[in-house]
Amino acid sequence: MTNVLTGLARRGASKFGGDRAALAAPDNHGEWHDITWNTFADDVDTAACALVALGVKAGDRVATFSANRPQNIVTDMACYDIRAVSVSIYATSSLDQVAYIVNDAGCEVLFAGNYTQYRIAREAARQCPTLRHIVVIKNITPEPDDTITMLWDDFMAEGLKATDEVKTRVKELTAASSPDDIATLVYTSGTTGEPKGAILPHSCFNACFQSHVERLTMLDTDDTSMAFLPLSHIFEKAWSYFCLYSGIKVSVNRDPKEIQAAIQKVRPTCMCSVPRFWEKVYTAVQEKIAGMNPVVRALTRHALKVGRRYNLDYRRRGLEAPALLRWQYDFFNRTIFAKLRAAIGIDNGKIFPTAGAPVSATIAEFFISCGINIVVGYGLSETTATVSCYPDVDYEIGTVGTPIPRVEVKIGDNSEILIKGPTVMRGYYNKPEATAEAFTPDGWFRTGDAGFIDATGAITLTERIKDLFKTSNGKYIAPQAIETRLTEDKYIEQIAVIGDERKFVSALIVPNFPALREWADKNSVKYADDNELVLDNSVNNMIAARIEELQKGFAGYEKIKKFAILPREFSMELGELTNTLKMRRKIIHEHFNDIIEEFYI
């Protein structure tokens with residue numbers, strides 16, 4: 001069987017047309033430029049020769065430590081062509097994290113994106129005996145005593161001048177590739193304990209792509225995807241690979257902070273993202289609606305009701321809407337919703353897969369009502385991303401959709417979601433005990449997520465089992481459900497719910513500082529800095545009122561009784577967040593222990 005990733009670039013050039021765009025990327029001035037399939041395929045061939053010339057053999061591990069760049073995809077594809085194993089490291093990783101992964105995987109070559117990552121890689125090399133070569137993608141000046149580093153252009157020059165022997169060896173390796181070969185090691189974010197490298201063989205991607213072809217029938221070769229999430233994240237990695245496999249152009253966004261501007265220029269028709277992206281868009285739209293004059297605001301809210309009836313009551317169910325409703329929706333779609341989509345930059349949007357954290361039903365319903373096809377899904381590094389997602393019709397809001405073809409899901413002890421199928425990892429690299437713990441005796445993968453399956457076959461997530469806690473009164477609390485609801489609010493950026501073995505639930509709140517400062521200025525609140533701002537009584541009263549409103553529907557014992565507004569965000573640098581922005585609750589509790597203890601005096 002041919003692996004979908006092995007030879008993907010050269011096969012794509014032949015299948016989709018060598019002069020068509022495979023990739024796009026911005027230059028140093030922010031202008032976007034296409035990269036043709038022919039150029040992409042030539043670069044992959046050259047990089048494959050360069051890796052073999054550097055001594056990389058079948059099964060060797062090659063790391064990429066960089067923000068999103070086309071070169072990341074080129075080096076990944078080169079690895080797959082020579083049966084090497086791609087290992088992605090988040091661009092925001094610390095020295096300790098880089099050294100740990102390089103040592104655990106035994107990486108021999110590491111690609112660093114820029115000077116900052118080069119310096120970290122250089123330090124890591126002193127702790128990593130297997131690391132023989134560093135290749136820096138950005139044009140920098142290596143340190144004078146550095147004997148193991150080369151620049152990208154020099155690396156590619158090695159490939160261009162490769163001997164016939166090297167070229168023959170590349171062809172032999174490509175021809176010998178097998179579905180059993182390891183394609184990549186994807187390291188989990190490590191919210192508790194050290195990261196683990198999920199072993200994903202080529203067979204996982206072969207199965208994954210076939211399932212997505214069957215589920216996502218609305219996509220075609222005229223589509224454009226925006227690579228917004230880090231390519232080191234399994235969601236973006238698998239999605240971008242699938243897009244290239246399908247002939248969909250992948251526009252590679254380097255700086256996540258510039259995503260709004262990038263979307264405006266690229267106008268993607270599809271893009272995978274995490275809920276926080278849509279939460280921020282939702283907040284901005286709601287603020288704009290609130291600032292409209294009363295007549296326009298009333299018309300907009302009526303339009304949303306019409307959009308909800310059309311898209312949720314009829315289109316979602318695969319039903320034809322009544323003629324009057326169709327006419328009303330067509331009118332509002334042209335006059336209001338189309339302008340909203342254009343303002344975001346997704347005028348021609350087809351599908352926007354969203355996963356990685358719980359998605360608020362309020363936010364999903366809002367965007368679907370506006371004609372923005374948010375497709376909520378669920379997946380893990382260990383399952384080659386997607387386990388489930390909304391189907392075209394008859395999906396249930398509040399769920400994470402139904403399993404994709406050939407992936408089996410059932411509910412085990414403690415309501416744990418268990419998975420079996422051809423996309424499930426082989427195990428954790430170098431960790432036989434962790435691998436054994438991750439599977440049931442009869443071979444089902446333990447996700448660590450709690451949930452249930454309804455009569456339609458849709459999966460509803462209730463909580464990460466390890467995050468679930470019990471108050472001293474014996475009541476179980478699912479903190480993510482509360483956190484998801486509260487981060488709908490325009491003034492709340494991050495929230496950590498507290499209460500394990502405590503009398504009641506409390507919370508640490510990181511505000512949206514620009515929005516909070518604006519509110520304070522409008523309400524004549526005097527403050528010298530953010531430290532004073534978060535302590536102000538009127539600010540705390542305002543947040544308390546909003547929390548009370550947002551908690552309607554929760555049981556009394558689930559509601560936040562006390563909270564503190566923090567003067568700073570939770571930080572990756574301080575270990576409070578993972579590279580995928582998941583909270584490390586234990587570390588947050590340690591860092592803010594004094595504040596937490598005051599809640600319960």
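The values are calculated or read from the model by the stated rules, or taken from the named source; none is laboratory data. Small disclaimer: the values here were computed from a predicted structure and weren't measured. We place every Cβ from the backbone using ideal geometry, glycine too, and count neighbours over all the protein chains shown. Calculation scope for accessible area: heavy atoms of the full protein, side chains included, ligands and nucleic acids excluded. Shrake-Rupley method; radii C 1.70, N 1.55, O 1.52, S 1.80 Å.
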Taking the range 439-450 only, how many residues are in contact (Cβ under 8 Å) with a residue 60 or more places away in the chain and open to solvent by 20 Å² or more (accessible area, probe 1.4 Å)? 0
Working carefully through the options ALA455, ALA361, ALA436, find the one that is open to solvent by 10 Å² or more (accessible area, probe 1.4 Å) and under 30 Å from ASN103 (Cβ atoms). ALA436
Note on the range 262-289: residues more than 27 Å from ASP220 (Cβ to Cβ) and either hydrophobic (A, V, I, L, M, F, W, C) or without any contact (Cβ under 8 Å) to a residue 12 or more places away in the chain (or both) are LYS280, ALA284, VAL285, LYS288, ILE289
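Among the residues of the range 9-38 satisfying the criterion of being open to solvent by less than 20 Å² (accessible area, probe 1.4 Å) and part of a helix (DSSP H, G or I), which is nearest to ALA262 (Cα to Cα)?
By that ranking, first place goes to TRP37.
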Give the residues of the range 427-447 that are in contact with a strand residue (DSSP E or B) (Cβ under 7 Å, 6 or more places away or on another chain) and under 17 Å from GLY197 (Cβ atoms), sorted by residue number. GLY427, TYR428, TYR429, ALA434, THR435, ALA438, PHE439, PHE445
Name the one entry in ILE547, ILE595, ILE509, ILE587 that is in a helix (DSSP H, G or I), open to solvent by less than 20 Å² (accessible area, probe 1.4 Å) and touching a residue at least 12 places away in the same chain (Cβ under 8 Å). ILE547
Output for the range 290-344, where each listed residue is open to solvent by less than 60 Å² (accessible area, probe 1.4 Å), without any contact (Cβ under 8 Å) to a residue 40 or more places away in the chain and not in a helix (DSSP H, G or I): MET292, ALA321, PRO322
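Do the conditions hold for THR456, that is, is it assigned to a loop (DSSP other than H, G, I, E, B) and either touching a residue at least 40 places away in the same chain (Cβ under 8 Å) or within 30 Å of GLY106 (Cβ to Cβ) (or both)?
On the way: assigned to a loop (DSSP other than H, G, I, E, B): yes; either touching a residue at least 40 places away in the same chain (Cβ under 8 Å) or within 30 Å of GLY106 (Cβ to Cβ) (or both): yes.
Criteria met by THR456.
Quickly run through the range 515-538 and pick out the residues that are over 30 Å from LYS470 (Cα atoms), part of a helix (DSSP H, G or I) and over 33 Å from the mean Cα position of the chain (by Cα).
Step one: list which residues in the range 515-538 are over 30 Å from LYS470 (Cα atoms), which gives 515-533, 536-538.
Filter again for part of a helix (DSSP H, G or I), leaving 515-522, 530-533, 537-538.
Matches in the range 515-538: ALA520, ASP521, LYS522, GLU532, ASN537, SER538.
Among the residues of the range 243-257, write down those that are in contact (Cβ under 8 Å) with a residue 24 or more places away in the chain, assigned to a helix (DSSP H, G or I) and either open to solvent by 10 Å² or more (accessible area, probe 1.4 Å) or not aliphatic (A, V, I, L, M) (or both). Spell out the reasoning first.
The initial filter retains those residues of the range 243-257 that are in contact (Cβ under 8 Å) with a residue 24 or more places away in the chain, namely 243-256.
Those left that are additionally assigned to a helix (DSSP H, G or I): 243-245, 256.
Across the range 243-257, the qualifying residues are CYS243, TYR245, PRO256.
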From SER189, SER240, residue being assigned to a loop (DSSP other than H, G, I, E, B), within 16 Å of the chain's Cα centre (by Cα) and either of a type outside the set (A, V, I, L, M) or more than 18 Å from CYS272 (Cβ to Cβ) (or both): SER189
Could you identify the single residue in ARG61, ARG69, ARG83 that is out of contact with any helix residue (DSSP H, G or I) (no Cβ under 9 Å at 6 or more places or on another chain), at pLDDT 95 or above and basic (Lys, Arg)? ARG69
Looking at this structure, is TYR187 aromatic (Phe, Trp, Tyr), in contact with a helix residue (DSSP H, G or I) (Cβ under 6 Å, 6 or more places away or on another chain) and open to solvent by less than 70 Å² (accessible area, probe 1.4 Å)? yes
